[in-house]
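**Student:** Got a structure for you, written out below as structure tokens; questions coming shortly.
The values are calculated or read from the model by the stated rules, or taken from the named source; none is laboratory data. Since the structure is predicted, the reported quantities are computational estimates derived from the model, not experimental observations. All Cβ positions, glycine included, derive from the backbone under ideal geometry; neighbour counts span all protein chains shown.
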Amino acid sequence: MQRLRVSDDGRFLATQDGEPFFWLGDTAWEIFHRLTREEAMLYLETRKRQGFNVIQAVALAELEGLTAPNRYGQLPFLDQDPHRPDEEGGYWEYVEQIVGLAEGLGLYVALLPTWGDKIKKEWGVGPEIFDEARAEAYGRWIGQRLGHRENIVWVNGGDRDAGGVEHIFDALGRGIRAGEPWRHLMTHHPNGGHSSSEWFHRADWLDFNMMQSGHWIHDIRSDLMIEKDYALDPVKPVLDGEPNYENHPPFKDFSLRHMTASDVRQSCYWSVFAGGCGVTYGCNAVWQFASERAPLLNGAVGYWIDSLELPGANQIRFLKHLMLQRPYFDRIPDQTLISLVDEQLPIRATRDRAGTYLFAYLPRGGSVTVHADRLPAKELEGWWYDPRTGECLNIGRLQPRTMTLEAPGFAGFGRDWVLVLDDVAAGFEPPGLVVNEEAIAEAVS
């Protein structure tokens, strides 16, 4: 399994031999803390089958990770002292075993050395056990302990505003770099509505930016957050590492409806089409591994094992599939090729630099006006790509001119579509499984 790196142009992620890597993550924050080996293997095998390639997990878990033992009665430290990792107690051996199981399945583990409450408690359980010296020492230790694994991506942070404690997170990053045997990718996971770029864009240890658009349905626009980081200098890849969670109520009012697969798709397609190098899915019951053994948090409905097959978890793979079907490293966001009708629920467009293809995401279906005469193609092939099924409907050959195209079916919530326009001369394959209009009608009914 190859380690990951930043692509040559600084916009994307790639394998060591230069193959495109589209980050499709899942948040499994409590996997080391709340699951047995057998349960962890079931989870990992399921996510592998569903097309995920990154698992985001926390070594020092959020939910009483220092005081409540894991399923085998193990704790990470002696007397909650980060200078005294309990190597003989088995906790760290178990963490490495799970990382190894993921590696055997071809999955990367985006590993948070600690949740942020151990540095800045705020609303969390804590306790705060890290100052600058302890963070650097722990970073060096965990870099040595797990840094030999090819499938590691380091994630500093842990859902906290870093203001006032930047020096501690910096020390953790420096320590990891000093301890690991070779350089792995590293980023920072911030609190909701923020990005790692706000504090650490120029940090030597930060290879790519991670933002958290969070769980507010559509009050925070993931695409606008990506746009902001995409424009920064120096250029670094960026992705939304925690967008809308499936089956999560909005934080502003837990009495409102729980977010659905449609909410998940919209946030994810928006951020990727705006320039993201991937995206992370999340499920409310799964991140916490809710079960009869623990209270359900944040309005979760159902247990984790019954939530693995929720619609969004099985649909998000079609985003990764679509992005890898066309020239990848030349992809750029481009809103000049479409006319916006609704600024609150905008259509997002992306293409390659040569203009051999255009994708436009319509969050509610309906129509889109495309200025296709700005593309260099002499003739275009049009498709409607269904983000629910990965299927596509052929529109036919089109002349490159300004035109308005209507998505299949009626417009509305959950009726999102992707318009694909290909340069005929490029000879691309259809973006998905080609079906007829009757099949499309049945899929959206």
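**Student:** Would you confirm, using the coordinates I've provided, whether GLY276 is part of a loop (DSSP other than H, G, I, E, B), touching a helix residue (DSSP H, G or I) at 6+ places or on another chain (Cβ under 6 Å) and in the same structural domain as ILE220 (by TED's automatic domain parsing)? I'd like the intermediate steps shown before the answer.
**Tutor:** Values: part of a loop (DSSP other than H, G, I, E, B): yes; touching a helix residue (DSSP H, G or I) at 6+ places or on another chain (Cβ under 6 Å): yes; in the same structural domain as ILE220 (by TED's automatic domain parsing): yes.
When the stated conditions are applied, GLY276 passes them.
**Student:** Has region 29-50 got at least one residue that is among the β-branched types (Val, Ile, Thr), in contact with a strand residue (DSSP E or B) (Cβ under 9 Å, 6 or more places away or on another chain) and assigned to a helix (DSSP H, G or I)?
**Tutor:** So in region 29-50, the residues among the β-branched types (Val, Ile, Thr) come out as 31, 36, 46.
Of the ones still in play, those that are also in contact with a strand residue (DSSP E or B) (Cβ under 9 Å, 6 or more places away or on another chain) are 31.
Add one more test, that the residue is assigned to a helix (DSSP H, G or I), and what stays is 31.
Yes, region 29-50 contains at least one residue that is among the β-branched types (Val, Ile, Thr), in contact with a strand residue (DSSP E or B) (Cβ under 9 Å, 6 or more places away or on another chain) and assigned to a helix (DSSP H, G or I).
**Student:** Within region 29-83, can you find the residues that are β-branched (Val, Ile, Thr) and either touching a residue at least 60 places away in the same chain (Cβ under 8 Å) or buried (at least 23 other Cβ atoms within 10 Å of the Cβ) (or both)?
**Tutor:** Selection gives ILE31, THR46, VAL54, ILE55, VAL58.
**Student:** I want to confirm something. Restricting to region 151-169 and keeping residues that are under 15 Å from THR114 (Cβ atoms) and assigned to a helix (DSSP H, G or I), which single residue is farthest from the chain's Cα centre (by Cα)?
**Tutor:** Top of the filtered list is ILE168.
**Student:** Criterion first (part of a loop (DSSP other than H, G, I, E, B), of a type in the set (Asp, Glu), within 24 Å of VAL279 (Cα to Cα) and in contact (Cβ under 8 Å) with a residue 12 or more places away in the chain) does ASP26 satisfy it?
**Tutor:** On the way: part of a loop (DSSP other than H, G, I, E, B): no; of a type in the set (Asp, Glu): yes; within 24 Å of VAL279 (Cα to Cα): yes; in contact (Cβ under 8 Å) with a residue 12 or more places away in the chain: yes.
No, not satisfied.
Yes/no matrix, rows are residues, columns are (1) within 25 Å of ARG11 (Cβ to Cβ); (2) in contact with an Asp or Glu (Cβ under 7 Å, 6 or more places away or on another chain):
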position	(1), (2)
GLN335	yes, no
THR356	yes, yes
ALA377	yes, yes
TYR385	yes, no
LEU421	yes, no
LEU433	no, yes
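**Student:** Exactly one of these conditions fails for GLU122: (1) over 13 Å from LEU66 (Cβ atoms); (2) not in a loop (DSSP other than H, G, I, E, B). Give me its number.
**Tutor:** (2)
**Student:** Please go through region 206-229 and give me each residue that is at pLDDT 95 or above and surrounded by fewer than 21 Cβ atoms within 10 Å (Cβ to Cβ), ordered by number.
**Tutor:** ASP207, LEU224, GLU227, LYS228
**Student:** Could you please tell me which pairs satisfy a Cβ distance under 7 Å, a separation of 6+ or placement on different chains, a first residue in region 96-122 that is free of Cβ contacts under 8 Å to residues at least 40 places away in the same chain, and a second residue that is of a type in the set (Asp, Glu)?
**Tutor:** LYS121/GLU128
**Student:** Tell me whether region 231-245 contains one or more residues that are within 17 Å of LEU13 (Cβ to Cβ), basic (Lys, Arg), surrounded by fewer than 19 Cβ atoms within 10 Å (Cβ to Cβ) and at pLDDT 95 or above.
**Tutor:** Looking through region 231-245, none of the residues is within 17 Å of LEU13 (Cβ to Cβ), basic (Lys, Arg), surrounded by fewer than 19 Cβ atoms within 10 Å (Cβ to Cβ) and at pLDDT 95 or above.
**Student:** Here's a follow-up. Restricting attention to region 350-381, and to residues there that are of a type in the set (Gly, Ala, Ser) and touching a residue at least 40 places away in the same chain (Cβ under 8 Å), which single residue is nearest to PRO431 (Cα to Cα)?
**Tutor:** Kept after step one, since they are of a type in the set (Gly, Ala, Ser), are these residues of region 350-381: 354-355, 360, 365-367, 372, 377.
Adding the requirement that they be touching a residue at least 40 places away in the same chain (Cβ under 8 Å) leaves 355, 360, 365-367, 372, 377.
Details: GLY355: 16, ALA360: 13, GLY365: 18, GLY366: 20, SER367: 20, ALA372: 19, ALA377: 18 Å.
Ranking the candidates gives ALA360 first.
**Student:** Quick one: in region 333-357, of everything that is of a type in the set (Ser, Thr, Tyr) and not in a loop (DSSP other than H, G, I, E, B), which residue is modelled with the lowest pLDDT?
**Tutor:** Here the residue is SER339.
**Student:** On to the next question. Select from region 215-251 the residues that are within 15 Å of the chain's Cα centre (by Cα) and either over 21 Å from GLY414 (Cβ atoms) or in a helix (DSSP H, G or I) (or both) and list them in ascending order.
**Tutor:** Result: SER222, ASP223, MET225, ILE226, PRO237, VAL238, LEU239, GLY241, GLU242.
**Student:** Oh, and also: How do the strands (runs of 3 or more DSSP E) wholly within region 382-431 filter down when requiring 1 or more residues that are within 14 Å of ARG326 (Cβ to Cβ) and touching a residue at least 40 places away in the same chain (Cβ under 8 Å): which remain? Steps first, answer last, please.
**Tutor:** Working: elements: 391-398, 402-406, 417-423.
It comes to 391-398, 417-423.
**Student:** Residues of region 260-302 being out of contact with any Ser or Thr (no Cβ under 9 Å at 6 or more places or on another chain) and hydrophobic (A, V, I, L, M, F, W, C), which ones?
**Tutor:** Listed by number, the residues that qualify are ALA261, VAL264, PHE289, ALA294, LEU296, LEU297.
Table: residues versus (1) modelled with pLDDT of 95 or more; (2) hydrophobic (A, V, I, L, M, F, W, C); (3) not assigned by TED's automatic domain parsing to the domain that holds GLY157.
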position: GLU87; (1), (2), (3): no, no, no
position: VAL99; (1), (2), (3): yes, yes, no
position: THR114; (1), (2), (3): yes, no, no
position: ALA133; (1), (2), (3): yes, yes, no
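**Student:** Another question about this same structure. Name, by its number, the condition in (1) at pLDDT 95 or above; (2) surrounded by fewer than 21 Cβ atoms within 10 Å (Cβ to Cβ) that does not hold for LEU296.
**Tutor:** With respect to (1) at pLDDT 95 or above; (2) surrounded by fewer than 21 Cβ atoms within 10 Å (Cβ to Cβ), LEU296 is out only on (1).
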